[in-house]
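To start, the structure under review is shown below, and the notes come after it.
The values are calculated or read from the model by the stated rules, or taken from the named source; none is laboratory data. Just so it is clear, the structure is predicted and the values come from calculations on it, not from any experiment. Glycine also receives a Cβ, built like all others from the backbone with ideal geometry; neighbour counts cover every protein chain displayed. In case anyone asks, the SASA skips ligands and DNA or RNA and just uses the protein heavy atoms, side chains included. Shrake-Rupley method; radii C 1.70, N 1.55, O 1.52, S 1.80 Å.
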Amino acid sequence: MTAPVLEMRAIGKAFPGVRALSDVTLNVAPGEVHAICGENGAGKSTLMKVLSGVHPHGSYDGEILFQGAPCAFKDIGASEARGIVIIHQELALVPYLSIAENIFLGNEHARHGIISWNETHRHAAALLKRVGLAEHPGTRVADIGVGKQQLVEIAKALAKKVKLLILDEPTAALNDGDSDRLLLLIKELKAQGITSIIISHKLGEIAEVADSVTILRDGRTIETLDVHDA
Ligand SMILES: Nc1ncnc2c1ncn2[C@@H]1O[C@H](COP(=O)(O)OP(=O)(O)O)[C@@H](O)[C@H]1O
Ligand SMILES: [Mg+2]
């Protein structure tokens, strides 16, 4: 077996009065789509927040290695700088800003402090093409549906040069058509070398898109299975 691109070892995380994670192990192979499943409250989102620096280094036990190097992220910006991007269950776009503004929020194309809208829109249009979203970059995010908003989130991740994309229950709020389109995109990104972790409890979806699946229960790893052998 090839060396994992991501290793999370003996991860523990407690909140006041709640032990969310105990001795969790997660190994993700380079270029795969790895599903995480488990009931509500199993610790799935917490594990991904530990990975992405939402819960900073020092607030959890255990160790994380990405591409063989240890990770001690103090915040989301630190994990993004290494190419790890999380898309939360509750999308984090600003509704009254345009698609392009959302994609480059905090990361604008500026020269001498002046934002270049031509450059921004050109780059946004190229990213929208990659995610298969036929909308003008100037369209307000409030004016597109939640399925398209999810694609804007992925375009935003691509703008950050994502290597490991984390999707927390990405299809929970999507209809079947939008879900299928999203799963197809995850497979296309995989073909481009992007590794994904997808949290899901939809078995059909896991069978469709995932190479392996790790099952969590009550904050513990139950097992990791190869989806294609199952
Ligand atoms: N910020 C927090 N403060 C306190 N408790 C939390 C916090 N985040 C998660 N928890 C608790 O940790 C446990 C795991 O939650 P979570 O990771 O969100 O589960 P899942 O995503 O698998 O549904 C739950 O008992 C939840 O209530
Ligand atoms: Mg969750």
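All told, E101 meets the bar of being surrounded by 18 or more Cβ atoms within 10 Å (Cβ to Cβ) and more than 24 Å from I198 (Cα to Cα). Just to verify a result, which residue in region 206-223, among those that are surrounded by 15 or more Cβ atoms within 10 Å (Cβ to Cβ) and within 16 Å of ligand 1 (Cβ to nearest atom), is farthest from R19 (Cα to Cα)? Top of the filtered list is I206.
Among the conditions (1) at pLDDT 95 or above; (2) open to solvent by 70 Å² or more (accessible area, probe 1.4 Å), the only one that T139 does not satisfy is (2). Within the set of pairs 6 or more residues apart or between chains, which connect a residue that is over 30 Å from A191 (Cα atoms) inside region 32-43 to a residue that is within 11 Å of ligand 2 (Cβ to nearest atom) with Cβ atoms less than 7 Å apart? Close Cβ pairs (under 7 Å, with a partner that is within 11 Å of ligand 2 (Cβ to nearest atom)) amount to A42/L216.
In the set P16, P30, only one residue is more than 18 Å from H88 (Cα to Cα) and more than 18 Å from the chain's Cα centre (by Cα); that residue is P16. Taking first residues from region 212-228 that are over 13 Å from G38 (Cα atoms) and partners that are assigned to a strand (DSSP E or B) and of a type in the set (A, V, I, L, M, F, W, C), the Cβ contacts under 6 Å between residues at least 6 apart in sequence or on separate chains come to L225/V213; V227/V213.
In region 10-66, which residue that is within 12 Å of ligand 2 (Cβ to nearest atom) and of a type in the set (K, R) is surrounded by the most Cβ atoms within 10 Å (Cβ to Cβ)? So the residue we want is K44. Restricting attention to region 194-204, the residues being open to solvent by less than 50 Å² (accessible area, probe 1.4 Å) and more than 16 Å from ligand 1 (Cβ to nearest atom) number 3. Residue count for region 149-183 under the criterion of being in contact (Cβ under 8 Å) with a residue 40 or more places away in the chain and either part of a helix (DSSP H, G or I) or away from ligand 2 (no atom under 16 Å from the Cβ) (or both): the result is 16. Could you check, for region 77-95, whether at least one of its residues is more than 16 Å from the chain's Cα centre (by Cα) and either open to solvent by 10 Å² or more (accessible area, probe 1.4 Å) or free of Cβ contacts under 8 Å to residues at least 40 places away in the same chain (or both)? Yes.
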